[in-house]
Each structure stands twice: as structure tokens, then as C-alpha cells.
Amino acid sequence: MKVSPDREPEYLAAIRELAALAARRNQQIWVFRSRQDPQTFLEFSESPTTMSHRNVASRTPDELRLEQRLHNAAAYDHTAADLWEEVPLAVATSEETEH
């Protein structure tokens with residue numbers, strides 16, 4: 001998503017608060033900034049299950065308020081709420097490959 005320089009302090013404050021609330025639910029939120037375009041950020045949210053993810057689970061009024069602050073401060077892409085699932089990269093044992 002894009003965050004204009006004048007909205008960056010508001011965006012970062014809101015995402016910090018949301019990350020603190022999420023940690024209480026065993027969720028993690030990371031934020032990355034593009035080196036090529038410092039106004040472009042990537043949020044990465046992780047949860048133990050799909051149903052506990054921040055884009056799916058019910059949220060407290062404080063979490064909803066912070067999500068609204070984020071959307072007011074940043075221009076989110078239409079795919080921002082897409083859920084991604086991990087692809088395990090563990091090497092299959094010979095027993096697993098025989099099946």
C-alpha cells in the first residue's frame with residue numbers, strides 16, 4: 001500500500017498499536033518498506049489459524065478503530081485482504097515419496 005509522507009507517522013502509530021493488540025491474540029504483524037519507493041509499505045499478518053487471522057476473526061472495537069485509522073492513512077490495494085497460506089518446504093522422506 002502507499003502512504004504519503006505526511007500520513008506516515010499516523011500510519012506507523014496505528015499499525016504499532018494494532019500489532020500490540022494482535023500479539024495478545026497470538027497474531028503477528030510485520031511491516032516492510034520498499035527501498036525503491038519509500039512510500040510503499042507491505043503489511044504481513046500471521047495467525048495460528050485461518051479463522052483467527054485479523055482479516056477473518058471478529059475484532060474488538062479498538063482493533064476496528066485502528067483498522068479504520070490505517071485505511072484513512074494509507075491507500076490499500078484491492079488485494080490487501082487476501083489470505084495467503086504457507087506452502088511447506090520440508091523435504092519428503094523416501095517413505096512419503098513411495099505413496
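The values are calculated or read from the model by the stated rules, or taken from the named source; none is laboratory data. The structure presented is a predicted model; accordingly, all values stated were derived computationally and were not measured. Cβ coordinates were reconstructed from backbone atoms using ideal geometry, including for glycine residues, and neighbour counts include every protein chain displayed. The accessibility values were calculated without ligands, DNA or RNA, using every heavy atom of the protein model including side chains. Shrake-Rupley method; radii C 1.70, N 1.55, O 1.52, S 1.80 Å.
Overall, the accessible surface of segment 30-99 at a probe of 1.4 angstrom is composed of carbon and sulfur to the extent of 55 percent. When peptides 13-22, 60-69, 74-83 are sorted by average Cβ neighbour count within 10 Å, with the highest value leading, the order is 13-22, 60-69, 74-83. A Förster distance of 22 Å, applied to the separation of the beta-carbon atoms of Phe44 and Ala90, puts the FRET efficiency at 0.55. Quick one: grab the alpha carbon gyration tensor of segment 1-49, order the square roots of its eigenvalues as a ≥ b ≥ c, and give me rounded if a/c is under 1.5, else prolate or oblate depending on whether a/b is larger than b/c. It is oblate, given that a/c is not under 1.5 and a/b is not larger than b/c. Estimated purely from DSSP H runs of n ≥ 4, each contributing -39500 (n - 2.57), the mean residue ellipticity at 222 nm for the chain is -10000 deg cm²/dmol once divided by its residues.
Where (i) 63; (ii) 53; (iii) 66 are the candidate values, the label of the one calculated here for percent of Cα pairs over 15 Å apart is (iii). Between Asp37 and Ala80, the modelled label-to-label distance comes to 1.4 nm, taking each label 7 Å out from Cα in the direction of the beta carbon. Per residue, the average separation of C-alpha pairs within less than 8 Å and at least 6 apart gives the chain a relative contact order of 34 percent. Per residue, the chain exposes 74 Å² of solvent-accessible protein surface, assessed with a 1.4 angstrom probe and all protein chains in place.
For segment 27-44, backbone phi angles converted through the Karplus equation (6.51, -1.76, 1.60; θ = phi - 60°) give residue-by-residue couplings of 10, 10, 10, 10, 10, 10, 10, 6, 6, 6, 9, x, 8, 9, 10, 10, 9, 10 Hz, Gly and Pro being listed as x.
Taking segment 72-88 and a reference point 7 angstrom along Cα→Cβ of Glu10, the backbone N atoms nearer than 18 Å belong to 72-77.
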